[in-house]
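What follows is calculated from the coordinates using simple rules that are stated; it is not laboratory data. All values derive from a computational prediction rather than experimental measurement. Here Cβ is always computed from backbone atoms with ideal geometry, including for glycine, and neighbour counts include all displayed protein chains.
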Amino acid sequence: MGGTRIAASEPRTGRGDNRPAAAAVLAKCVTSGGERRSVSMKPMSRRTRFSIPILAAVAVAAAILLMQGASAGAAPSGATDGHLVVSQKLAKCCYIEGTRSVVRVRGPEEAVGRSPGPAHVHERLLDVDLPAGDYRLRAYQRPCDGNCGYLDPPTDGCSTGFQIYPAATTHVKVRAVPGKHCRTTVEAAPVPRD
């Protein structure tokens, strides 16, 4: 507190044991204006004095246990991650008002990729790190209904299973032909990451 000094005087018991009396501790405050005031401050009760250190020790122990549990249960970050890239080739013909492309990946973790606006002929829909494991990809189109603010139900969908390998990139290519079909191709050998 800027410019305020506190000098405390503690009434003592008459027993000569230097312990503060049960009465309030008197403090003299000097404010920044030079005015002196007496303030009555109560000492902490015995219960409060002993419970604060105990609570602090319990909180520290709990934090240490939580940090150990989180680090023991999780693999080192990036140690078992692979990389997934999903790209799409869309035939030009026949989504007159446009379409939004969607891919959903399910496995040890889930990911969703969408075209940000009307889908382009060639487009990268998803580029993400995922834990190694078996996954399933579902791709489909949501044709625009009048404009891309309103979308028709999913159509021209396809799905495939694939694996994500640690420290490698897996490429999945989706080829969609409006109103006919959708095909996926997964690279046979994942490309090692640099």
Give a residue-ordered list of calculated ³J(HN,Hα) values for the range 179-184 (Karplus: 6.51 cos²θ - 1.76 cosθ + 1.60, θ = phi - 60°; whole Hz; x for Gly, Pro).
-> x, 10, 6, 9, 10, 10
Add +1 for every Lys or Arg and -1 for every Asp or Glu among the other residues with Cβ under 11 Å from the Cβ of Thr160, and state the total.
-> +4
Given backbone amide H placed at 1.01 Å from N, residues whose amide H is under 5 Å from that of His83, ignoring those fewer than 5 places away on the same chain, are Leu130, Tyr165, Ala168, Thr169, Thr170
Counting only residues 5 or more places away or on other chains, whose amide H sits under 5 Å from the amide H of Asp145 once H atoms are built in the peptide plane?
-> Tyr150, Leu151, Asp152
Give me the Debye-computed log₁₀ of I(q)/I(0) at q = 0.22 Å⁻¹ for the range 81-192, equal point scatterers on Cα only, no solvent, two decimals.
-> -1.12
